[in-house]
Amino acid sequence: MSIYLQDIPLQEAQSRLDQALAAANLSGLLGIEDILLDENAVGRVLAEAIWAKISSPNYHAAAMDGYAIRSAETAGATLGNPIVLTCGQGSTKLQAFYVDTGDPLPGWADTVIPIEYVESLSFEGHVSKDIRNPQAIRIREAVAPWHHVRPVGEDIIASQLILPAGHTLRPVDLAAIASGGYSRIPVARRPLVAILPTGSELKPIGEPIEAGQIIEFNSIMLAGQVQQWGGLAVRYPITSDDFENIRNRIITAAKDSDLILINAGSSAGAEDYSAEVINSLGQVYVHGIAVRPGHPVILGMISHGLSGGELSKPVPIIGVPGYPVSTALTAEIFVEPLLSRWLGRPDDEPILMTAILTRKVTSPAGDDDYLRVMLGQVGDRLLATPLPRGAGLISSLMKADGISIIPGGTQGVPAGEKIEVRLYCSLTELTRTILAIGSHDLTLDLLAQFLAPYKRKFVSANVGSLGGLLALKRHEAHLAGSHLLNPASGEYNLSYIHQYLSGNSVIVIMLVKREQGLLVKPGNPKAIHSLVDLSRPDISFINRQRGAGTRVLLDYQLEKMAIPTNRVNGYDQEEYTHLAVAATIASGRADTGLGIAAAAEALGLDFVPLYQEPYHLIIPQEYYESKLLVPLFDILQDLDFHRKVSAMPGYDVSQMGDVVATISAK
């Protein structure tokens, strides 16, 4: 079988892995450990069913403080005709016996009457204060048998199944097992997973990096996934891109590990050695699956080590692509099911929901496309907003509320289509999510931070001001951030709301006034001072996308200055956020861009102020009046929030939270 990259369907890849595991006798439990029943057992998986050795309780126990009696002897007792039962020393017949909660009942008793329902009597027949050792008790009400009694086996009966094999232990399970008579329990041995990061460009966390170097963080993410799924992770040091170094590291890891994850080097480049090394130590079964992201996956088995000698046991190895999104997805597809199998744990049943896609997505022909999305419950619809697709975008992993699989051959899904989403979050979290779509502003990130203690998740998708209004028109968001200038009137947003949201009642809230200007490199080396400088041939510009308020402002000002857009070098180069514009300038891809002062400061750039503009929150009335947004309005009046926003350059919060306009449906 060729070891060179050639994609095959995911189902076929999984089948090849299953066959290899079966041939190596690695399809089931790796082993059983007998461990002490204590708090450290939480999270372990039972290797065998637990059957009760004893009943709980294992005797008839009093459920109240009171007197154990024979229920038959209380027959006929009433307020007017009380019955006296003897219970003290010297009594000719013991008819009542004091018990505390949990005490065993005497063999002759079949019920307990609480102390508050009786009168304690002395030898002389007077009421006694000694409730534990009275001579007798007076009862004024008949008592039913087995009342206020925990009979033998009320909770668990000897020989009863307490928990099945494959169950992941919770704290409450430990108590149930202990009550069944156990002090030690059999659990599945946890698989030991070796994680081998490779790449000459990688640097350990905490060390300074230079251009061309990358912080190695994939191994932490993989180790966290392994630990979360019940395995034990061992992270090895970074191995440089060298055939022999990688080979020796794999041989070392194979001695003690149940599974090896070698991260990066799984493609077919000049320094991608993983497939070749694995083939030299065993066999490659799969190199490439028809999945995006993550297609250059390797599935193989290590069977021998130094000098070609056979290992004591074969060790599966997975070549995990180096881009973080591909890394995480590969682990979800292959590592989690494998660990569940080795632990004897049933595969998790994912929570699947149907959601409406808010934006068109395209998919590679022939590949299963794993699309991460942000989710929000808007009205009675669950909406899915696609996250950026790059395989290197770790932020998309962090922000994802769920994932949807677009089958190979589909080649994309249009906006408004229903898709099935596997949830990463709880259903409760969805109902507490505020979905904002529209213009980007740094205060939205700060707003998300302040909303967290209110149990509100604030999710914002940056599609530009006009895109936000269109999202509101389609009922795809709770609110939109907007700063659209009307060139004819000089006002912001209102004319666009009348144009695009006619028939909708909306409230316009002032969030901030902010400065827009030119972001330039530190020291402004090219002496850029106004938009006029954009027409200079030595200046490269980075623009915002069509529909962004900043783009509208730019076009308006260029037209006023009679500067044709074709004279602006880079006018057609677009980014979707102020921070992305700042990053483009900081990285040297452009000399300048129009944006906000806070973005310039965030990336260490200089700022040339030009204009002040209002940034509004456009909120449909139905959501403005909902409980969901109440904490948001509280925060807009919070002085601490005002101070935090004011601490960022270029912001005026003097009108924050003011209602700018109330627009009724026509």
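Taken together, the values in this text are just the output of simple stated rules run on the coordinates, not laboratory data. Computed from a predicted structure; not experimentally measured. Cβ atoms come from the backbone with ideal geometry, glycine included; neighbour counts cover every protein chain shown.
Order of Asp441, Asp18 from fewest to most other C-beta atoms within 10 Å? Present the calculation step by step, with values, prior to reporting the outcome.
On the way: Asp441 26, Asp18 14.
Placing the least packed residue first, the sequence is Asp18, Asp441.
When only Cα pairs under 8 Å and 6 or more residues apart are kept, what is the percent relative contact order across the chain?
Details: 1508 pairs, mean separation 70.2, N = 666.
Relative contact order here is 11 percent.
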Practice problem: Mind pulling up the Rg/Rh value for region 61-150? Radius of gyration and Kirkwood radius, both on Cα. | Solution: 0.93
Practice problem: Past 27 Å, Cα to Cα, is the threshold; run Lys418/Lys457; Lys457/Lys513; Lys203/Lys457 against it and keep the listed order. | Solution: Lys203/Lys457
Quiz item: Ranked by Cβ crowding within 10 angstrom, fewest neighbours first, how are Trp108, Trp342 ordered?
Solution: Trp108, Trp342
Quiz item: Which far-off residues, 5 or more places away or on another chain, put their amide H under 5 Å from the one on Trp51, with H placed in the peptide plane?
Solution: Ile162
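Which order do Val127, Val118 fall in if you start with the one that has the fewest other Cβ atoms within 10 Å?
On the way: Val127 10, Val118 23.
Lowest count first: Val127, Val118.
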Quiz item: Out of Gly593, Leu169, Gln135, whose Cα points farthest toward the positive end of the dipole of the chain (charges: +1 Lys, Arg; -1 Asp, Glu; placed on Cβ)?
Solution: Gly593
Quiz item: For region 367-418, what is the Kirkwood estimate of the hydrodynamic radius, computed as the reciprocal of the mean inverse distance between distinct Cα atoms, to one decimal in Å?
Solution: 12.0 Å
Quiz item: What is the antiparallel percent of DSSP beta bridges lying wholly in the chain, to the nearest 5?
Solution: 75 percent
Quiz item: Where a Cα-Cα gap under 18 Å defines reach, which lysines qualify for Lys455, not counting those fewer than 8 residues away within the same chain?
Solution: Lys399, Lys627
Self-check item: Residues with amide H under 5 Å from that of Val286, placed H, sequence gap 5 or more
Solution: Leu299
Quiz item: Label-point separation (nm) for Tyr611 and Gln449, each offset 7 Å from Cα along Cα-to-Cβ?
Solution: 2.9 nm
Quiz prompt | Karplus (6.51, -1.76, 1.60) ³J(HN,Hα), θ = phi - 60°, over region 480-493, in Hz, Gly and Pro reported as x | solution = 9, x, 8, 8, 8, 7, 8, x, 6, 9, x, 8, 10, 6
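Would you compute, from DSSP H runs of 4+ residues alone, the mean residue ellipticity of the chain at 222 nm, taking -39500 (n - 2.57) per run and dividing by the full residue count, rounded to the nearest 500? Walk me through the numbers before you get to the answer.
Details: 18 runs with 152 residues, N = 666.
The helix contribution divided over the chain gives -6500 deg cm²/dmol.
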Quiz prompt | Cα-Cα P(r), region 167-291, percent of pairs per 10 Å interval | solution = 11, 33, 29, 13, 10, 3, 0
Quiz prompt | Cα-based radius of gyration of region 446-548 once divided by 2.2 N^0.38 Å, which approximates compact folds | solution = 1.38
Self-check item: Separation of alpha-carbon centers, region 457-514 and region 148-227, rounded to whole Å
Solution: 47 Å
Quiz item: When the Karplus curve 6.51 cos²θ - 1.76 cosθ + 1.60 is applied with θ = phi - 60°, which whole-Hz ³J(HN,Hα) does each residue of region 433-446 get, with x for Gly and Pro?
Solution: 9, 9, 9, 10, 10, x, 6, 8, 8, 5, 5, 5, 5, 5
Quiz item: Which whole-Hz ³J(HN,Hα) couplings does region 400-408 yield from phi under the Karplus relation 6.51 cos²θ - 1.76 cosθ + 1.60, θ = phi - 60°, glycine and proline marked x?
Solution: 5, 9, x, 9, 10, 9, 9, x, x
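Could you compute Rg(Cα) / (2.2 N^0.38 Å) for the chain, with N its residue count?
Details: Rg = 35.1 Å, N = 666, 2.2 N^0.38 = 26.0 Å.
That ratio works out to 1.35.
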Quiz prompt | Assigned charges on the beta-carbon of Lys, Arg, Asp, Glu; region 350-430 dipole about Cα centre (debye) | solution = 200 debye
